[in-house]
């Protein structure tokens, strides 16, 4: 039955994460932006509270613990994930992205790692000290075209030697491990790609610099360098078996693409949370400071009406993508739709809210920060244009047209 | 639990509706437009299948379906042709008022006729449809009301057996009136060329028509409450019809661009084309979801249901114009000629959005709710 009511579990996680966002994240948002850093003692505190950004856990859901005899409970991990993420990003997206946990590195390990690798890499996120995972695909000359990566992986005895550079890597410098995509033979194109888990401290693996950004300043964005970096065999994600099993199929590339189907709804949910934060902040000011009739009131009504509508539209697209993932249905089109729309509408909502705030919005107010933060949500995890490409490919799939 | 999965019953009923839309409605679209009326046989078939009594109350032998089910059916039917759907005889938009007022004696006494195929024209003078040039007035008298003037264009005007008039009277109070004698009005035929030509567009003209107290369905706050809910229901159902047309235009444009070749390849292979199709798909999906959420809100009697309906209608209007215009654009010159359906869909779409509320007004009213808080917004 079509329904937009939250289950008890969904409601609980929404309320819990909202409480955390309101009381722990939002109060440090502006200061963290100014410092361009989330305070270490704060990270230590929330880590001890067990708060992690672990997107891979969202793909788990309730059914994994169900016994065969019991009626299978519907998975809702992805829906819970987008609900929770929207609330956290509402508090502050840069702080949220800085939370300890596997982050965007989680989904590829979860979906393609061997049982041993899952245990080894995903079990490190404990309460004793904050740890991070990261995901490194983008290179200076390969962003949207992920199949064109240049980082090489040369097979040697006992493992691979990596050489290359990665950019725009969220939490890349502080991460305990990074999922790195590299090619064993660039002439094979996608089929030559492999995913490796490179651990911090590995010889030849370093962070060359941290990027200075328009927004999300409190969150670390790293450039990583691999110079004759030896990665042992057991860190090849999925093991050799995964690639032998798939023959000539582009499985390394598939690992990267498959990741997007679960992370794009999460990223969309973040953009929605940001847009909602800007909208609610502005609505409050309009309620208190604006005249109750006349031209300004009319303008505010139309702008806020449209902002709220667009937020709702983005949320429903995101929920649909997450719902499909929970049911095990293919969701690449829906994941692209929600990401494309949420990323674009996030910026639009923030800009319109700034219009309502006028010049005073420039001076130490949350919305201008959110405006700077949200722009990248229309870029990373696939630009808006790439999302359109994905949607179009799915739209034309019945006609065998390759867009 | 958040879910986008229709029930088994809905899936079955939607399949019947979609088959009817594709196999019966679509092929007759041009002919009905040319005749400026829906084919009688088609009308009878729709009634036989139950599609004309979805909103009517069970006590009137209607199906009294939930909004969430109805919107899915309306979408499926309108996939065939919106013009024909809007031209089906029967209760039309007034069905929502019959559903809310099933026991009013003057209606109840005629329920067999009203639910059995008689046509009712609804003249809603409020709801943001009437503009500054309003020409029909409701004058309050001690023993009833007097109607004077000319209505705005409404659907099913020439064939109307009954008329329901809703709006503010000369004292600014809401009122809903019932006319059961078609001799009370005359039809001004007009000159309609844009779209929805089979839907029976016309104006009703009233020359000092007395409406006795027995024919007053509701007044004052009671009328406000009924109109608020009825308009909410109507908006949601009309927005659902718009999503059906959007889906039709999207599918047609996708298929056309997948087959049409230029510069030696299918034009879908060019991103200028395929990205526009992707945007059409996105807008269609968004409008659909907002309609579904509004319908769910209506069924659950949520306080925000009225705002959700304003929101859904606004987005449906905007998306409908974009998607149908895009279909014409992607067909190029073929989109402009009547050998292909795209030009008709674009015309019908524009006529539809003109009949059911101005976009900026819908948006501003939705915003009013947000600023004031749901309960503080007065009925409009």
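FYI, it's all coordinate maths here, none of it is from the lab. These numbers come from a predicted model, not from an experiment. Reconstructed Cβ throughout: ideal geometry from the backbone, glycine too, with neighbour counts over all protein chains shown.
Prolate is the label for region B:119-218. Its Cα gyration tensor axes, ordered a ≥ b ≥ c, give a/c of at least 1.5 and a/b above b/c. Once the mean of 1/r is taken over each pair of separate Cα atoms and inverted, the protein assembly as shown shows a Kirkwood hydrodynamic radius of 28.5 Å. Residues within the reach of a label modelled at residue A:351 (point 7 angstrom out along Cα to beta-carbon, backbone nitrogen below 13 Å), restricted to region A:268-308: there are none. Taking every alpha-carbon pair under 8 Å whose residues sit at least 6 apart, region B:76-196 reaches a relative contact order of 25 percent.
Please give the FRET efficiency for residue B:271 paired with residue A:186, using the beta carbon to beta carbon distance and R0 = 30 Å, rounded to the nearest 0.05. Display every interim value, and only then the final one.
On the way: r = 25 Å, r/R0 = 0.85.
Result of the calculation: an efficiency of 0.75.
Fully extending the segment from residue B:12 to residue B:45, taken as 0.36 nm per residue of separation minus the present Cα-Cα distance, adds 10.1 nm. For the segment A:384-394, counting C-beta atoms of other chains within 10 Å of every residue's C-beta and taking the mean gives 4. Nearest 0.05, what FRET efficiency do residue A:7 and residue B:372 give at R0 = 30 Å with Cβ-Cβ as r? Taking R0 as 30 Å, the efficiency between residue A:7 and residue B:372 is 0.45. Taken along the Cα-to-beta-carbon direction at a fixed 7 Å, the label points for residue B:192 and residue A:123 span 7.2 nm.
Cβ crowding within 10 Å, taken as a proxy for footprinting-reagent exposure, orders A:19, A:42, B:345, B:185 from fewest neighbours to most as A:19, A:42, B:185, B:345. Counting only alpha carbon atoms, the long axis of helix A:295-326 and the longest principal axis of chain A meet at about 30°.
In angstrom, the C-alpha Rg and Dmax of chain B are 20.6, 76.
Quick check: the distance between the Cα centres of region B:55-87 and region A:171-207, to the nearest angstrom? Between the Cα centre of region B:55-87 and that of region A:171-207, the gap is 56 Å. Taking the C-alpha atoms only, the angle from helix B:305-331 to the longest principal axis of chain B is near 40 degrees. Given a 10 angstrom Cα cut-off, can you work out which residue in B:256, B:162, B:79 is the most mobile in a GNM of chain B? Taking springs between Cα atoms under 10 Å, the residue moving most is B:256. With N the number of residues in chain A, Rg(Cα) / (2.2 N^0.38 Å) evaluates to 1.00.
Short version: what are the Cα gyration tensor semi-axes of region A:161-310, square root of 5 times each eigenvalue, largest first, in whole Å?
The equivalent ellipsoid of region A:161-310 has semi-axes of 46, 19, 11 Å.
Cβ-to-Cβ counts within 10 Å put A:52, A:288 in ascending order as A:288, A:52, the fewest first. Contact order, relative form, for chain B: 17 percent (alpha carbon pairs under 8 Å, 6 or more residues apart, mean separation divided by residue count).
Relative contact order of chain A, taken over Cα pairs closer than 8 Å and 6 or more residues apart, is 16 percent. Classified by the C-alpha gyration tensor, region B:160-316 has an oblate form. Its axis ratio a/c, with a ≥ b ≥ c, is 1.5 or above, and a/b does not exceed b/c. Remark: the Cα gyration tensor places region B:1-104 in the oblate category, a/c being 1.5 or greater and a/b not exceeding b/c. Extending 7 Å from Cα along the Cβ direction at residue A:116 and again at residue A:284 yields two label points whose distance is 5.3 nm. On full extension, the segment bounded by residue B:259 and residue B:58 gains 67.6 nm, given 0.36 nm per residue less the C-alpha separation. For residue A:400 and residue A:206, the difference between the fully extended length at 0.36 nm per residue and the C-alpha to C-alpha distance is 65.4 nm.
The mean number of partner chain beta-carbon atoms within 10 angstrom of a residue's beta-carbon across peptide B:271-282 is 6.
Taking Cα atoms only, the orientation of helix A:77-91 departs from the longest principal axis of chain A by about 50 degrees. Counted by neighbouring Cβ atoms within 10 Å, the residues B:315, A:120 run from fewest to most as A:120, B:315. Modelled label positions at residue B:141 and residue B:173, each set 7 Å beyond Cα in the direction of Cβ, lie 1.7 nm from each other. Rounded to the nearest 0.05, what FRET efficiency is calculated for residue B:334 and residue A:141 with R0 set to 35 Å and r the Cβ-Cβ distance? The calculated FRET efficiency here is 0.25.
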